[in-house]
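The values are calculated or read from the model by the stated rules, or taken from the named source; none is laboratory data. Computed from a prediction, not measured in an experiment: that's the story for all the values here. Positions of Cβ are generated from backbone atoms using ideal geometry, with glycine treated the same way; all protein chains shown enter the neighbour counts. Keep in mind that these areas ignore ligands, DNA and RNA; they rest on the heavy atoms of the full protein, side chains included. Shrake-Rupley method; radii C 1.70, N 1.55, O 1.52, S 1.80 Å.
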Amino acid sequence: MKKLMVLGASYSQVPLIRAAKRRGIHVTAVSIPGPYAGLKEADEVVYADITDPEAVLRAAQECAVDGITTCCMDLGTLAMGYACEKLGLPGPSYKAVKAASDKAAEKELYVQAGVPTAKYRILRNKEEIPDALKELTLPVMVKAVDLTGSRGISRADTEEEVYKAFEYAMNATNRDFCIIEEFIDGTMFGVEAMMDEDDLAYCLVLGNDMKGGNPSFPVGHYVPYNPDPEASENALVEIRSVIKKVADALGFKHCAMDLDCMWKDGRIYVIEATCRAGATCITDTVSIYYGFDYFDAIVAAALGENTKQMFFSPDNPGTPSVTRMLAASREGAVKNIVVPEALPQEVADLSFNVSEGDRVRPMTSGRDRIGQLIVKGKSTEECRKIMENVLRNTYIVFEDGRKDPVC
């Protein structure tokens, strides 16, 4: 019997654990103790810190696993790469994962490999800001290099704002430097992909529904999407070519890939990439579009299997869908949530991850999500109409007696 180690045991890992067990694979979940749903789903549990590469390596050795994986979060990716490399298991190398978790190292590899990306400079102190601004044109982005979820990142439109953004980044980071890069005023989009050994198994371009902020962030996705409809297939061919170049530059093998990109003046620019499946309903989007459980491919990749044939069927041209992370319209404590008695058959999922008594607030980052809504249909336009009708009849009842719509 094959053995797979899954790093993390939160609700996001449960579909991954279930997919492996359906294939008759013994699943070991690695997690710190806590009320995590995956702990009950796994065949075996090892209590360890998934951010500790040595601890994960010891667990993998003791359990004699055939593969290691995680999805939808970055916490375990460094340990995954470290243990896979040390034990000769399929998956990205430690060097690859380290580069993807360090925005400065990642950018340098992109420059070396000819991957189009925003021009940047490293900042170690305030005194370096004037020289950096001589080479970069305002507005700019200032970023902590070692954080995820838009933490330590902000846009600066003036020189005064650059100094404030530098302070913000340096207060957030664990490193002694940050980066400043040109702001690309284009269309942001996502890409979900998967690498086999040396081949790009598939590449799905995702449209983003953005929430304003500094920086803005996606609250939903939709497919199919082409950032340059006038260029038609040429744009998608260019994107696929660049994504393969990213995988080669970073050394990604036998893993999912999640990327943030920009499209400007007929050209793709890569913002960042990571070697795990994307969050914010992206795994559901891929499953719906290709007509099979995407987690099955993630499991197969972690065990060194080629996955390319899983994504293409002449009988499935690709199913459109729209996804939305749900949030509260105001702050307060939840009494209950009211949903429509009957949902249209096009609704693939309407679920919530909050309970009675939990406090909620309007969304300022992905951590404020209270649930998700996923709709599939004949077109993205049809999906959006259905989604808005469902949301008009979905409410949070607060403990103070008020009833407000979910947004």
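About its Cα centre, what dipole magnitude does segment 2-109 give when the only charges are +1 on Lys and Arg Cβ and -1 on Asp and Glu Cβ, stated in debye to the nearest 20?
400
Given +1 on the Cβ of Lys and Arg, -1 on the Cβ of Asp and Glu, and no further charges, what dipole in debye does the chain carry about its Cα centre, rounded to the nearest 20?
I would put it at about 600 debye.
Carbon and sulfur atoms: what percent of the 1.4 Å accessible area of segment 352-407 do they account for?
Carbon-and-sulfur percentage of accessible area, whole number: 45.
Hey, of (1) 178; (2) 136; (3) 151, which did the structure itself give for volume of the Cα convex hull per residue in Å³ when calculated?
The value matching this structure is (3).
State in Å² the accessible area per residue of segment 251-407; use a 1.4 Å probe, count heavy atoms of protein chains only, and round to the nearest integer.
Result: 45 Å² of accessible area for each residue.
Given a 1.4 angstrom probe, I'd like the percentage of the accessible area of segment 20-122 that is carbon and sulfur, rounded to a whole number.
That fraction is 52 percent.
Loop-only check: which GluC sites (Glu not before Pro) in segment 214-245 are DSSP coil with at most 16 other Cβ within 10 angstrom?
For GluC sites (Glu not before Pro) across segment 214-245 that sit outside H, G, I, E and B with at most 16 neighbouring Cβ atoms in 10 Å, the list reads Glu230.
So for Tyr47, Tyr294, Tyr222, what's the accessible-area order with a 1.4 Å probe, most first?
Tyr47, Tyr222, Tyr294
Under a plain spin-label model, where a point goes 7 Å from the Cα along Cα-to-Cβ, how far apart in nm are Asp157 and Glu388?
Result: 2.8 nm between the two label points.
What does the charge count around Asn306 come to, taking other residues whose C-beta lies under 11 Å from its C-beta (Lys +1, Arg +1, Asp -1, Glu -1)?
Residues near Asn306 contribute -4 overall.
Along the charge dipole of the chain, Cβ charges K/R +1 and D/E -1, which of Phe352, Ser241, Val191 sits furthest on the positive end?
Sorting the options by dipole projection puts first Phe352.
Please report the relative contact order for the chain, taking Cα pairs under 8 Å with a sequence separation of at least 6, and give it as a percent rounded to a whole number.
Over the chain, the number comes to 13 percent.
Between Lys95 and Asp315, what is the FRET efficiency for a Förster distance of 30 Å, r being their Cβ-Cβ separation, to the nearest 0.05?
With a Förster radius of 30 Å, E is 0.15.
Stretch Arg124-Lys244 to full length: gain in nm at 0.36 nm per residue minus the Cα-Cα span?
Result: 40.0 nm gained on full extension.
Mind running the shape call on segment 301-393? Use the C-alpha gyration tensor, a ≥ b ≥ c as the square roots of the eigenvalues: rounded below 1.5 for a/c, prolate if a/b tops b/c, oblate otherwise.
Here segment 301-393 falls in the oblate category.
For the charge dipole of the chain, defined by +1 on Lys and Arg C-beta atoms and -1 on Asp and Glu C-beta atoms about the Cα centroid, which residue among Ile374, His254, Ser232 has the Cα displaced farthest towards the positive pole?
Highest projection toward the positive end goes to Ile374.
How far apart, in nm, are two points set 7 Å out from the Cα along the Cα-to-Cβ line at Ala37 and at Thr364?
2.7
Going by accessible area, probe 1.4 Å, with all protein chains left in place, what is the ranking of Asp265, Asp176, largest first?
Final ranking, largest accessible area leading: Asp265, Asp176.
Over segment 280-407, what is the mean sequence separation of C-alpha contacts under 8 Å (at least six apart), divided by residue count, expressed as relative contact order in percent?
It rounds to 30 percent for segment 280-407.
Using 0.36 nm times the number of residues separating Asn234 and Asp49, minus their current alpha carbon distance, what extension gain do you get?
Working it through step by step, the gained length comes to 62.1 nm.
Grab the other residues whose beta carbon is less than 12 angstrom from that of His26, score K and R as +1, D and E as -1, and report the net.
Charge balance in the 12 Å sphere: +1.
Working with all protein chains in place, sort Tyr290, Tyr395 by solvent-accessible area computed with a 1.4 Å probe, largest first.
From most exposed to least exposed: Tyr395, Tyr290.
I'd like the Karplus ³J(HN,Hα) series for segment 266-273: coefficients 6.51, -1.76, 1.60, θ = phi - 60°, whole numbers in Hz, and an x wherever there's a Gly or Pro.
Values, residue by residue: x, 9, 8, 10, 8, 7, 6, 9 Hz.
Long-range amide H contacts for Gly371: which residues qualify at under 5 Å (H placed 1.01 Å from N, peptide plane, sequence gap of 5 or more or a different chain)?
Amide H to amide H, under 5 Å and 5 or more residues apart or across chains, Gly371 pairs with Leu326, Asn353.
Quick one: compute the contact order of segment 1-124, relative version, from alpha carbon pairs under 8 angstrom and 6+ residues apart, as a percent.
Relative contact order here is 21 percent.
Roughly how many Å is it from the Cα centre of segment 44-58 to that of segment 160-182, as a whole number?
About 32 Å separates the Cα centre of segment 44-58 from the one of segment 160-182.
What full-extension length gain, to one decimal in nm, is calculated for Leu133 and Glu108 as 0.36 nm per residue of separation minus the Cα-Cα distance?
Additional length available on full extension: 7.1 nm.
Which value, in Å² rounded to 10, gives the accessible area of Cys281 with a 1.4 Å probe and all protein chains present?
So the heavy atoms of Cys281 present about 10 Å² to solvent.
Based solely on its DSSP helices, what 222 nm [θ] is calculated for the chain when runs of n ≥ 4 H residues each add -39,500 (n - 2.57) and the sum is averaged over all residues, nearest 500 deg cm²/dmol?
Taken over the chain, the calculation gives -9000 deg cm²/dmol.
Put +1 on the Cβ of every Lys and Arg and -1 on every Asp and Glu Cβ in the chain; which of Leu123, Thr173, Asn389 then has its Cα farthest towards the positive end of the dipole?
Asn389
Roughly how many Å² is the accessible area per residue of segment 1-145, as a whole number, for a 1.4 Å probe?
Here the residues of segment 1-145 average 44 Å² of exposed surface.
For segment 214-241 and segment 3-28, what is the separation of their Cα centres, given in Å?
If you average the Cα positions of each part, the centres end up 31 Å apart.
Of all the accessible heavy-atom surface of segment 151-207, with the other protein chains kept in place and a 1.4 Å probe, what percent is carbon and sulfur?
41
By its C-alpha gyration tensor, with a ≥ b ≥ c as the square roots of the eigenvalues, how is segment 136-273 shaped: rounded for a/c under 1.5, else prolate for a/b larger than b/c, else oblate?
Prolate shape, in that a/c is at least 1.5 and a/b is the bigger ratio.
Lysines near Lys103 by alpha-carbon distance under 27 Å, same-chain residues fewer than 8 away left out - which ones?
Reachable lysines: Lys86, Lys95, Lys119, Lys126, Lys134, Lys143, Lys164, Lys211, Lys244, Lys245, Lys253, Lys264.
Evaluate E = 1/(1 + (r/R0)^6) for Thr148 and Ser329, where r is the Cβ-Cβ distance and R0 equals 41 Å; express this FRET efficiency to the nearest 0.05.
0.95
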